[in-house]
Amino acid sequence: MNTLVMTFLNKDNKKYSLRIPKVRTDVLETEVTELMNFIITKNLFFTELKELVSIETASISREENLF
(Lines give C-alpha, C1' and ligand atoms only; values in the text may rest on other atoms or scores of the structure.)
Protein backbone atom coordinates (compact mmCIF):
# COMPACT_ATOMS: atom_id res chain seq x y z
CA MET A 1 0.00 0.00 0.00
CA ASN A 2 1.27 3.48 -0.88
CA THR A 3 0.84 6.32 1.57
CA LEU A 4 1.32 9.94 0.59
CA VAL A 5 2.89 11.97 3.40
CA MET A 6 2.59 15.74 2.99
CA THR A 7 4.35 18.02 5.44
CA PHE A 8 3.44 21.69 5.80
CA LEU A 9 4.62 24.60 7.92
CA ASN A 10 2.07 26.62 9.84
CA LYS A 11 2.06 30.30 10.89
CA ASP A 12 3.77 29.31 14.13
CA ASN A 13 6.59 27.75 12.02
CA LYS A 14 5.72 24.25 13.23
CA LYS A 15 5.44 21.21 10.99
CA TYR A 16 2.17 19.43 10.35
CA SER A 17 2.02 16.15 8.43
CA LEU A 18 -1.00 14.81 6.64
CA ARG A 19 -1.09 11.18 5.48
CA ILE A 20 -3.30 9.83 2.72
CA PRO A 21 -3.29 6.03 2.42
CA LYS A 22 -3.81 4.00 -0.74
CA VAL A 23 -2.64 6.59 -3.26
CA ARG A 24 -2.10 5.62 -6.88
CA THR A 25 1.28 4.20 -7.76
CA ASP A 26 1.59 6.65 -10.66
CA VAL A 27 0.79 9.86 -8.77
CA LEU A 28 2.73 12.80 -10.20
CA GLU A 29 4.72 15.46 -8.36
CA THR A 30 2.60 18.16 -9.99
CA GLU A 31 -0.59 16.54 -8.66
CA VAL A 32 0.79 16.47 -5.12
CA THR A 33 1.97 20.07 -5.36
CA GLU A 34 -1.44 21.18 -6.65
CA LEU A 35 -3.18 19.33 -3.81
CA MET A 36 -0.91 20.85 -1.18
CA ASN A 37 -1.38 24.35 -2.59
CA PHE A 38 -5.15 23.81 -2.64
CA ILE A 39 -5.10 22.78 1.03
CA ILE A 40 -3.11 25.92 1.91
CA THR A 41 -5.17 28.29 -0.26
CA LYS A 42 -8.55 27.05 0.96
CA ASN A 43 -7.38 26.87 4.58
CA LEU A 44 -9.13 23.53 5.01
CA PHE A 45 -7.93 22.43 8.44
CA PHE A 46 -6.82 25.12 10.88
CA THR A 47 -7.13 28.77 11.87
CA GLU A 48 -4.91 31.37 13.54
CA LEU A 49 -1.35 30.24 14.36
CA LYS A 50 -2.05 26.65 13.28
CA GLU A 51 -3.05 27.77 9.79
CA LEU A 52 -0.92 26.05 7.14
CA VAL A 53 1.13 28.53 5.12
CA SER A 54 3.77 26.66 3.12
CA ILE A 55 4.90 23.33 1.74
CA GLU A 56 7.76 21.65 3.56
CA THR A 57 8.06 18.20 1.93
CA ALA A 58 6.09 15.39 0.34
CA SER A 59 6.93 11.71 -0.02
CA ILE A 60 5.34 8.39 -0.79
CA SER A 61 5.85 5.55 1.62
CA ARG A 62 5.56 2.20 -0.18
CA GLU A 63 4.75 -0.85 1.89
CA GLU A 64 4.95 -4.34 0.50
CA ASN A 65 3.81 -7.56 2.11
CA LEU A 66 6.55 -10.17 2.28
CA PHE A 67 4.18 -13.10 2.70
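Below, the figures for the structure above:
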quantity	calculated
All aspartates and glutamates inside 18 Å of Lys15 as judged from Cα atoms, apart from same-chain residues fewer than 8 positions distant	Glu48, Glu51, Glu56
The chain - accessible surface per residue (Å², probe 1.4 Å)	78
On Cα atoms only, tilt of 29-42 relative to the major axis of the chain in degrees	30
GluC sites (Glu not before Pro) within the stretch 10-67, DSSP loop, no more than 16 other Cβ atoms inside 10 Å	Glu51, Glu63, Glu64
Rel. contact order, % - alpha carbon contacts under 8 angstrom, at least six apart, the chain	48
Mean ellipticity per residue at 222 nm, deg cm²/dmol - from DSSP H runs of n ≥ 4 across the chain, formula -39500 (n - 2.57)	-6500 deg cm²/dmol
Glu51 long-range amide H proximity, modeled H, under 5 Å	Lys11
DSSP loop trypsin sites (Lys or Arg not before Pro) with at most 15 other Cβ within 10 Å: longest gap in the chain	25-67
Distance between modelled label sites at Met1 and Ser59, nm, 7 Å Cα→Cβ extension	1.9
The chain - convex hull of alpha carbons, volume per residue in Å³	84
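The values are calculated or read from the model by the stated rules, or taken from the named source; none is laboratory data. None of the values given here were measured: they were computed from a predicted structure. FYI the Cβ positions are ideal-geometry reconstructions off the backbone, even for glycines, and counts take in every protein chain you see. When the accessible area is computed, the model is the full protein with side chains, heavy atoms only, and any ligands, DNA or RNA have been set aside. Shrake-Rupley method; radii C 1.70, N 1.55, O 1.52, S 1.80 Å.
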